[in-house]
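K.L.:
Next up is a structure, given as structure tokens.
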Amino acid sequence: MSPLKVFITGASSGIGQALAQHYAKEGAIIGLAARRADLLNKLQDSLSTETAIYPLDVRNAEALEKAAHDFISRFGAPDIVIANAGVSAGTLTENKDDLNTFKGVLDINLLGMVHTFQPFIGTMKKSGQGSLVGIASVAGIRGLPGAGAYSASKAAVIAYLESLRVELSLDGISVTTIAPGYIKTPMTDINQYAMPFLMAPEVAAKKFAQAIAKKKRFVVIPWQMGWLARIMRCVPPFLWDYMMKHAPRKAHANWDWL
């Protein structure tokens, strides 16, 4: 049986790194994309499997197209493409300085996912198989105060992936939406509030891979957060507003690099 071929963005740290390590243990051929070349090189050196690295920014559609073409030319159509790259920052609409942060978060979290999938789909259609996986968030289910950019981007991701899943349903390509709760990564390390059901990245990666292998359409991980998400969907707007008035907020950040 030939090894799985897996392409992952946001692979230099956090859940992307954990996913790379998980699939490497299974003997997969892995393509790793992220902005930080030094961390990609370090990760590649630590993996005992065939690996290709692509230092790039997912906002750059041309760079992702080149990476996809290189991966396909070397290894063939991927079995799994995981659009994991994402950023988060506390934002307030009233702050003019936050406009660039809003744009950066949406560009990376949403359009970066589109840029990741687009150059692979044609080849995957020809092979009649494969899985596209998008990492959303429980934050995309209901809007969270102080996280307008992040919540909006992840809500858009959930809707986009649903559209894509239906579009590709006749082509043998599965689309999986994973909405994680809190995972211990550099993104959550800055949070100054309690994070229920916080998961280690290696544990989360194993659960993600299980959902991908089962071709789940939509899954919230961990399961406890899944039940919380169901409750969140059912809460009427007036009650949600009351509950969220004094909810803890992500630390505000003006990320000039976005």
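K.L.:
Report the gain in length on full extension from K42 to K125: 0.36 nm times residue separation, minus Cα-Cα distance, nm rounded to one decimal.
P.N.:
26.5 nm
K.L.:
Please list, in order along region 15-23, the HN-Hα scalar couplings obtained from phi with the Karplus expression 6.51 cos²θ - 1.76 cosθ + 1.60 (θ = phi - 60°), rounded to whole Hz, x for Gly and Pro.
P.N.:
Couplings: 5, x, 5, 5, 5, 4, 5, 5, 6 Hz.
K.L.:
What do you get for the angle between helix 148-167 and the principal long axis of the chain? Use alpha-carbon atoms, 0 to 90 degrees, nearest ten.
P.N.:
40
K.L.:
With axes computed from alpha carbons, what is the tilt in degrees of helix 201-213 against the longest principal axis of the chain, rounded to the nearest 10 within 0 to 90?
P.N.:
With both axes taken from Cα atoms, the answer is about 60 degrees.
K.L.:
Search the structure for amide H atoms under 5 Å from the amide H of T91, placed 1.01 Å from N in the peptide plane, and list their residues when 5 or more places away or on another chain.
P.N.:
Counting only residues 5 or more places away or on other chains, the set is A147, G148, A149.
K.L.:
Residues with amide H under 5 Å of I53's amide H, sequence separation 5 or more or different chain, H placed in the peptide plane at 1.01 Å from N; which?
P.N.:
L32
K.L.:
Restricting to DSSP H runs of at least four residues, report the calculated mean residue ellipticity at 222 nm for the chain, -39500 (n - 2.57) per run over all residues, nearest 500 deg cm²/dmol.
P.N.:
Result for the chain: -14000 deg cm²/dmol, rounded to the nearest 500.
K.L.:
Given C-alpha coordinates of region 5-244, what is the ratio Rg to Rh with the Kirkwood estimate of Rh?
P.N.:
With Rg and the Kirkwood Rh in hand, the quotient comes to 0.96.
K.L.:
Quick one: order F218, F7 by neighbouring beta-carbon count within 10 Å, fewest to most.
P.N.:
Ordered from fewest to most neighbouring Cβ atoms within 10 Å, F218, F7 come out as F218, F7.
K.L.:
Another question, if that's okay. Averaging sequence separations of C-alpha pairs under 8 Å and six or more residues apart, then dividing by the length of the chain, give the relative contact order as a whole percent.
P.N.:
The normalised contact order for the chain reaches 20 percent.
K.L.:
How would I141, I158 line up from fewest to most surrounding beta-carbon atoms within 10 angstrom?
P.N.:
I158, I141
K.L.:
If you take all C-alpha pairs in region 83-158, what percent of them are over 13 Å apart?
P.N.:
Of all Cα-Cα distances in region 83-158, 65 percent exceed 13 Å.
K.L.:
If one takes the longest principal axis of the Cα atoms in the chain, at what angle in degrees, from 0 to 90 and to the nearest 10, does the Cα axis of helix 61-75 lie?
P.N.:
The answer is roughly 40 degrees.
K.L.:
On the first, second and third principal axes, largest extent first, how far apart are the outermost C-alpha atoms of region 5-97 in Å?
P.N.:
49, 25, 23
The numbers here are math on the coordinates, done by the rules we state, and not lab data. The structure presented is a predicted model; accordingly, all values stated were derived computationally and were not measured. A quick note on method: Cβ atoms are made from the backbone with ideal geometry, for glycine too, and the neighbour counts reach across all protein chains shown.
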